[in-house]
Amino acid sequence: MPRPEGPFEPITESALQEVLAELERLYPEADCELRHENALQLLIATILSAQSTDVRVNLVTETLFERYRTAEDLARADPAVFEQEIRSTGFFRNKTKSVLGAARKIVAEFGGEVPDTMEDLITLPGVARKTANVVLGTWFNKPVGVVVDTHIGRLARRLGISPEKDAVKIERDLMNRLPQGKWIFAGHAIIWHGRRVCAARRPDCANCTLADWCPRNGLPDC
């Protein structure tokens, strides 16, 4: 289980700017680790990544994307077959409904192309703000919001950016405190840091180069 965390300690504006600068030094190439060659593949991979890992999803999509190259292919897919093809990502029945339902709507209402606005993306089955932000930021390079996954939620609290636990509220705080031009990069870089250094169970504070600005550095619960 993740370790319990103590009272929220807000980070100062100057320290937050230092954190951003250090993230840019640490992870200048930070990007989405889900393999994709187009917006549709990224959308599918992001839906499949819920409660799974990017490594697992990439293994599944390596062959999946060879079988289903277009939204039309997915719209015609046999749900029973598709369930088995994505089974190892977990929650495969719900994910099948989301992926195939999204594909059908993309074909029927968007000419077979993944839409490039938040308003349209969140009308697709299985797509909420997190998935929409991944597609908009990573593929379309549109900083409409900030991706909030479990890593970002955890680090937003530990770094003193947001005291919230609800993803929508965390995103609001990140958007208020981070420059819009950094929203896409910060999302990727924070995820990378959460995976590589600031893990849920055993954050490697001793080797974390953000420690000088982290409000929780040195506290017994972190």
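The values are calculated or read from the model by the stated rules, or taken from the named source; none is laboratory data. Fair warning: this is a prediction, and the values are worked out from it, not measured in the lab. Here the Cβ is made from the backbone with ideal geometry for all residues, glycine too, and neighbour counts use every protein chain on show.
Quick rundown of the values:
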{"item": "Some residue of segment 175-194 being among the aliphatic types (A, V, I, L, M), free of Cβ contacts under 8 Å to residues at least 24 places away in the same chain and touching a helix residue (DSSP H, G or I) at 6+ places or on another chain (Cβ under 9 Å)", "result": "no"}
{"item": "Boolean, Ala200 is farther than 25 Å from Leu100 by Cα and surrounded by fewer than 20 Cβ atoms within 10 Å (Cβ to Cβ)", "result": "yes"}
{"item": "Selection count, segment 74-84, where residues are surrounded by 14 or more Cβ atoms within 10 Å (Cβ to Cβ) and assigned to a helix (DSSP H, G or I)", "result": "4"}
{"item": "Matching entry among Pro115, Pro163 (being more than 23 Å from Arg196 (Cα to Cα) and part of a loop (DSSP other than H, G, I, E, B))", "result": "Pro115"}
{"item": "Segment 118-145 - residue that is assigned to a helix (DSSP H, G or I) and over 11 Å from the mean Cα position of the chain (by Cα) and, of those, surrounded by the fewest Cβ atoms within 10 Å (Cβ to Cβ)", "result": "Glu119"}
{"item": "Lone qualifier among Ala156, Ala199 - being out of contact with any Cys (no Cβ under 8 Å at 6 or more places or on another chain), without any contact (Cβ under 8 Å) to a residue 12 or more places away in the chain, hydrophobic (A, V, I, L, M, F, W, C) and closer than 22 Å to Gln51 by Cβ", "result": "Ala199"}
{"item": "Criterion: closer than 21 Å to Pro7 by Cα and surrounded by fewer than 17 Cβ atoms within 10 Å (Cβ to Cβ) - qualifying residue of Arg172, Arg158, Arg195, Arg154", "result": "Arg172"}
{"item": "Single residue of segment 1-26 satisfying the filter (in a loop (DSSP other than H, G, I, E, B) and either of a type in the set (Val, Ile, Thr) or at pLDDT 95 or above (or both)) that is surrounded by the most Cβ atoms within 10 Å (Cβ to Cβ)", "result": "Ile11"}
{"item": "Check on Phe8, more than 21 Å from the chain's Cα centre (by Cα) and over 21 Å from Val135 (Cβ atoms)", "result": "yes"}
{"item": "Considering residues of segment 35-68 that are polar (S, T, N, Q) and either assigned to a helix (DSSP H, G or I) or at positive phi (or both) only, the residue farthest from the chain's Cα centre (by Cα)", "result": "Thr63"}
